[in-house]
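Heads up, the thing below is written out as structure tokens.
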Amino acid sequence: MFRNLPPLCKGIIVALVTSAVLSIAVPAVTVYALPLDSRMAIHGLQLWRFVTYPFFIMASMRSLLGSLLNLFWIGMIVAIFGGELETIIHTRRLTIALASTVIVAGILFSFISPDGVLAGPGIITMFMLGGFAYMWPKREISIFGIFWVKAWIIALVIFVVSVIPMSGMQLDTSASNLFGPIFGALGAIVFLHATYRQYSFGRAFFNRIEDTFKGNHSPTPSLKRRGSSNSDANDSKSIEARIDSILDKIADKGMSSLTKEEKEFLLTHSK
């Protein structure tokens, strides 16, 4: 399964496993270097913390089994839900969206909680899971092949579980515990709403940005043939309708149900 994962999800899992191993071997390094400590990040100019805090996993030999189960759980969420998102959206675009969410969340948290500490992969897992549930809320996921649960229910349950401390069942509503998962889910929803639910706005916006970085320029209006705008609009609507139908098919039966032609169409027109 790991071998078939797309690059971003594979890289996230490798980074989390590496962090867990380092926390066992040299715990002082991971505790000191990875979490987002607002004071160190802003006043100490330790800017790397705005990127590294989601990869902080504290494992120990005392609770090795629990640490392994937690790591396995996080990896499964990234692999199952993130893998399908990355396949549809493409690695580069999803990477930019996730990185932007992580960095913006870190900056906002530093100003909201100047003395706070933010750490843990909650923002990544809820980005993947929240994005998947937003795209296909009624998609049914098999739980150990025994029963089926809708994606939005799984997302809600995992979010609630993520804010329950290990010592009891009382919800931890502190900013440091809630901020990451909430911002991760919101970041995914905003990005996917712009690019897949508001096709003409989102895709055109991101395409213009990518064209700017690539140095591409659209032809001047004088070179466009008469009536091309109407034909472009019609083509755009037909493409959007086709993408909608393909996404609905994925929601019902999963990526494996797509034909080769449908996969190629989705990959081509979602770039």
Scanning for something open to solvent by 20 Å² or more (accessible area, probe 1.4 Å), free of Cβ contacts under 8 Å to residues at least 60 places away in the same chain and of a type in the set (Lys, Arg), does region 128-138 turn up at least one residue?
no
Of the listed residues (107, 123, 77), the one being open to solvent by 60 Å² or more (accessible area, probe 1.4 Å) and in contact (Cβ under 8 Å) with a residue 24 or more places away in the chain is 107
Any chance residue 28 is at pLDDT below 90, more than 23 Å from the chain's Cα centre (by Cα) and loosely packed, with under 13 Cβ neighbours inside 10 Å
yes
Would you kindly identify the helices (runs of 4 or more DSSP H) lying entirely within region 31-94 that contain at least 2 residues that are modelled with pLDDT under 85 and within 16 Å of the chain's Cα centre (by Cα)?
83-89
Working carefully through the options 162, 167, find the one that is at pLDDT below 75, under 17 Å from the mean Cα position of the chain (by Cα) and farther than 15 Å from residue 85 by Cβ.
162
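The values are calculated or read from the model by the stated rules, or taken from the named source; none is laboratory data. Just so you know, these numbers come straight off a predicted model, no measurement behind them. With ideal geometry, Cβ positions are generated from the backbone for all residues, glycine too; neighbour counts draw on all protein chains shown. Just the protein is used for accessible areas: all its heavy atoms, side chains included, with ligands, DNA and RNA removed. Shrake-Rupley method; radii C 1.70, N 1.55, O 1.52, S 1.80 Å.
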